Amino acid sequence: MTYEEDVEGLRTEIDRLNADIMEKLAERVEVARQIGEVKRRHGLPIVDRRREAKVYERIRESARKRGLDPEGVVRVFKEIIRLCTEVQMEK
């Protein structure tokens, strides 16, 4: 079996997982947009550093439980949160 034949099924699985991640990301962005609307309605700031700190700690713990590098996973989530914060700031 060639390398390409050997890896083809795995790449198909990666493509499927990427599509799943994209779907979940779109869902998360939509919920974040709704949270931004609620924050504006209540006159609250969009950025809540205490909430972010709690989210990052849960992410670190979840990563550890799964055998993933906690700080690497936090870096990914910082970008996700940045994206969601930008959406919340849009009117």
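Whole-percent P(r), the range 18-71, all Cα pairs, 10 Å bins from 0: 21, 34, 36, 9, 0. Projecting the Cα atoms of MET22, THR85, THR12 onto the dipole axis of the chain, where Lys and Arg carry +1 and Asp and Glu carry -1 at the beta carbon, places THR85 farthest toward the positive end.
Around the Cα centre of the chain, unit charges on the Cβ atoms of Lys, Arg, Asp and Glu (plus for the first two, minus for the last two) sum to a dipole of about 1060 debye.
Please find the FRET efficiency linking ARG33 to ARG66, where r is the Cβ-Cβ separation and R0 is fixed at 30 Å, and quote it to the nearest 0.05. So, using R0 = 30 Å, E works out to roughly 0.60.
What is the gain in length, in nm to one decimal, between ARG41 and TYR3 on full extension, counting 0.36 nm per residue of separation less the C-alpha to C-alpha distance? Please report the intermediate quantities before stating the final value.
Numbers: separation 38, 0.36 × 38 = 13.68 nm, distance 5.61 nm.
My answer for the length gained is 8.1 nm.
Specify which labelled value, from [x] 1.16; [y] 1.42; [z] 2.02, agrees with Cα Rg over 2.2 N^0.38 Å derived from the coordinates of the model shown. Only one option fits the structure, namely [y]. The 3J(HN,Hα) values that the Karplus relation (6.51, -1.76, 1.60; θ = phi - 60°) gives for the range 57-68 are, in residue order, 5, 4, 5, 4, 5, 4, 5, 4, 4, 9, x, 9 Hz. Gly and Pro appear as x.
The C-alpha atoms of the chain define a longest principal axis, and helix 3-41 lies at about 10 degrees to it.
Note on the chain: helix-only mean residue ellipticity at 222 nm, from DSSP H runs of 4+ residues weighted -39500 (n - 2.57) and normalised by residue number, equals -29500 deg cm²/dmol.
May I ask for the net charge around ARG16, where only other residues with Cβ less than 15 Å from the Cβ of ARG16 are counted and Lys, Arg are +1 while Asp, Glu are -1? Working shown, then result.
Details: positive: ARG11, LYS24; negative: GLU8, GLU13, ASP15, ASP20, GLU23.
Result for the neighbourhood of ARG16: -3.
In degrees, nearest 10, range 0 to 90: what is the angle between the Cα axis of helix 70-89 and the longest Cα principal axis of the chain? Around 50 degrees separate the two axes.
No lab work stands behind these numbers, since they all come straight from the coordinates. What you see is a predicted model, and the numbers here were worked out from it, not measured in a lab. With ideal geometry, Cβ positions are generated from the backbone for all residues, glycine too; neighbour counts draw on all protein chains shown.
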